[in-house]
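The structure appears below as structure tokens.
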Amino acid sequence: MSAPFRSHWGLDPEVRFLNHGSYGACPTVVLQKQAELRARMEAEPVRFLHREIEPLLDEARAAVADFVGADTEDVSFVPNATGGVTTVLRSLRFAPGDELLTTDHEYNASRNALDFVSETWGAKVVVAKLPWPVSSPDAVVDAVLAHVTPRTRLLLVDHVSSQTALVMPLTKLVSEMRARGIETLVDGAHGPGMVPLALRSLGAGYYTGNCHKWLCSPKGAAFLYVRRDLQSGVTPLAVSHGRNSPRTDRSRHRLLFDWTGTHDPTAALCVPEALRVMGGMLPGGWPALMAHNRAKALAARAMLCERLKVAPACPEEMVGSMAVVTLPPGYPERPEPPLYLDPLHLRLFDEHRIEVPVIPWPKPPHRHVRVSAQLYNTPDEYVALADALEVLLR
């Protein structure tokens, strides 16, 4: 690992960690900030959670909103992006026969939430099958639009797909949906910190993103953006004191989302520190960091594709800080989800100490290896992965 950057993380030095995309990794200085906040909370829990929490949340929310190009009032903290997706879906009302559109690249947890809601209301989930390999962003847009009908009520789409690491053409998708009177719910689990965000101008009705992945905050911090005109129709999963609060100094949306019951808020409160720390790693700040990681992911993909003699699965413009590389068809057996681990995944770790996901796509036995790029990764780690794959795939 790169010595100047590796020292900022507490990652196991014996492991080549090429899976930042799943859970991220938090710098030690940010974890120290969280420990300080926890100590402050435990020193006087009532003061911290009852009298001090609102201004602390306001400050953290303002930092997040500024980073993602949104108004502070339109951003709320949630534990993770799956919770954000589920919050929106369970708040909305549908009629029998309504169509909820998504793609065949949608994250399994979010797709489960969509299926649950559709079954509750008697709606229908419509799945747009995207071309694979993908030739261009327009091919994705065309595939989605081909499934829009007069009954389409919502589009649920990843910003960056988990299984295939595609950066979706979000601006055009949202624009095309709004032109047809359809709102978009963006599962942006991988978006913040991987690609620039400007949620005001994007115009999506709903966007939820994790902070623990590419922003490198502690686990348990994510945000939900709801466009101002839609906020009255969205309620948190846990309804608490805000629903009947007589206060008028804060919006009903704020009162509902800022207190949903007792929990540890320190992960969310550490997001400004994570933004500061990660934004200070390179002279060019966050734009330089995103560009650095993207260039590293593209270089790793090019090297792996050349070594394994496979073609890239998508154009470079659809790659962020992760990339997938096609592998030969794999094992016929497949353990049941949700905690599927490919045998090759396990062998890479057990025999070579390489932590990298091997993902079945579009279904077993077809599969891909998904590599992540973060500051602490070095070219030698990707070479080691290529060497190991050449041995294990013979």
Report task. Starting from the alpha-carbon convex hull of the chain, give the projected area averaged over all orientations, in nm². Result -> 19.7
**Report entry** Charge dipole magnitude, Cβ of K and R +1, D and E -1 - the stretch 1-145, Cα centre, debye nearest 20
**Finding:** 400
Report summary line: Among A299, Q231, V310, the residue whose Cα sits farthest towards the positive end of the charge dipole of the stretch 220-313, when +1 is placed on the Cβ of each Lys and Arg and -1 on the Cβ of each Asp and Glu, is V310
Report task. For the stretch 14-66, state what percent of all Cα-Cα pairs lands in each successive 5 Å bin, counting from 0 Å until the bin that includes the largest distance. Result -> 5, 15, 14, 20, 19, 11, 8, 6, 2
Query raised in the report: About its Cα centre, what dipole magnitude does the stretch 212-287 give when the only charges are +1 on Lys and Arg Cβ and -1 on Asp and Glu Cβ, stated in debye to the nearest 20?
Result: 200
Query - Ratio Rg/Rh [Cα only; Rh per Kirkwood] for the stretch 138-251 - result: 1.01
Query raised in the report: Residues with beta-carbon under 12 Å from that of C211, excluding C211: net charge, scoring Lys, Arg +1 and Asp, Glu -1?
Result: +2
Report summary line: Relative contact order of the stretch 148-258 (C-alpha contacts under 8 Å, at least 6 apart) in percent is 18
Query raised in the report: In cubic angstrom, how much convex hull volume per residue do the alpha carbon atoms of the stretch 195-248 span?
Result: 128
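Figure the gain on full extension for R247 and R200 (residue separation times 0.36 nm, minus the Cα-Cα span) and round it to one decimal in nm.
On the way: separation 47, 0.36 × 47 = 16.92 nm, distance 2.75 nm.
Separation in residues times 0.36 nm, less the Cα-Cα distance, equals 14.2 nm.
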Report summary line: Listed residues A95, A113, A291; largest mean-square fluctuation, Gaussian network over the chain with Cα springs below 10 Å, found at A95
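Subtract the Cα-Cα distance of V310 and H147 from 0.36 nm times their separation in residues, and report this length gain in nm to one decimal. Display every interim value, and only then the final one.
Details: separation 163, 0.36 × 163 = 58.68 nm, distance 3.09 nm.
Roughly 55.6 nm would be gained on extension.
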**Report entry** Approximate shape of the stretch 55-201 as ellipsoid semi-axes (Cα gyration tensor, √5λ), whole Å, largest first
**Finding:** 25, 19, 14
Report summary line: Subtracting the Cα-Cα distance of L341 and E73 from 0.36 nm times their residue separation yields 92.4 nm
Query raised in the report: By a straight-distance test (C-alpha under 16 Å), which lysines pair with K33 as possible cross-link partners, with residues fewer than eight away in the same chain excluded?
Result: K219
Query raised in the report: Looking only at Cα atoms, what is the convex hull volume of the stretch 237-358 per residue, in Å³?
Result: 224
**Report entry** Whole-Hz ³J(HN,Hα) from phi, Karplus 6.51 cos²θ - 1.76 cosθ + 1.60, for the stretch 249-263, glycine and proline x
**Finding:** 7, 9, 5, 4, 4, 5, 4, 5, 8, 7, 9, 10, x, 5, 7
Query raised in the report: Can you list the equivalent-ellipsoid semi-axes of the stretch 347-389, largest first and in whole Å, using the square root of 5 times each Cα gyration tensor eigenvalue?
Result: 20, 13, 8
Query - Charge dipole of the chain about the Cα centre (unit charges at C-beta), most positive-ward option of A323, P362, L385 - result: P362
Query raised in the report: Gaussian network model of the chain, Cα springs within a sub-10 Å range: biggest mean-square fluctuation belongs to which of P96, P246, P329?
Result: P246
Report task. Could you please put R227, R61 in sequence from largest to smallest accessible area, using a 1.4 Å probe? Result -> R227, R61
Query - Most mobile listed residue (D350, D74, D342) in the chain, GNM with C-alpha springs under 10 Å - result: D350
Query - Relative contact order computed over the chain (Cα-Cα under 8 Å; 6+ residues apart), in percent - result: 21
Report summary line: Under the helix-only model (-39500 (n - 2.57) for each DSSP H run of 4 or more, divided by the residues of the chain), the mean residue ellipticity at 222 nm, to 500 deg cm²/dmol, is -12000 deg cm²/dmol
Query raised in the report: Around A189, which amide H atoms from residues at least 5 apart in sequence, or from another chain, sit under 5 Å from its own amide H, with H modelled in the peptide plane?
Result: H159, V160, N210
Query - Dipole moment magnitude, nearest 20 debye, the chain about Cα centre, only Lys, Arg, Asp, Glu C-beta charged - result: 480
Requested in this report: Provide the three semi-axes, in whole Å and in decreasing order, of the ellipsoid equivalent to the stretch 177-216 as defined by the square roots of 5 times the Cα gyration tensor eigenvalues.
Outcome: 22, 10, 6
Query raised in the report: What is the distance, in nm, between label points placed 7 Å from the Cα along the Cα-to-Cβ direction at E42 and at F116?
Result: 3.2
Report task. Please go through the residue pairs K124/K172; K213/K296; K213/K309; K309/K363 and name each one whose alpha carbons sit more than 27 Å apart in this structure. Result -> K213/K309
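Give me the tail of P(r) for the stretch 46-107 as a percent: Cα-Cα pairs with distance above 14 Å.
Roughly 72 percent, rounded to a whole number.
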Query raised in the report: Tell me, what is the percent relative contact order of the stretch 1-133, built from C-alpha pairs under 8 Å that lie six or more residues apart?
Result: 15
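The values are calculated or read from the model by the stated rules, or taken from the named source; none is laboratory data. Computed from a prediction, not measured in an experiment: that's the story for all the values here. A quick note on method: Cβ atoms are made from the backbone with ideal geometry, for glycine too, and the neighbour counts reach across all protein chains shown. Just the protein is used for accessible areas: all its heavy atoms, side chains included, with ligands, DNA and RNA removed. Shrake-Rupley method; radii C 1.70, N 1.55, O 1.52, S 1.80 Å.
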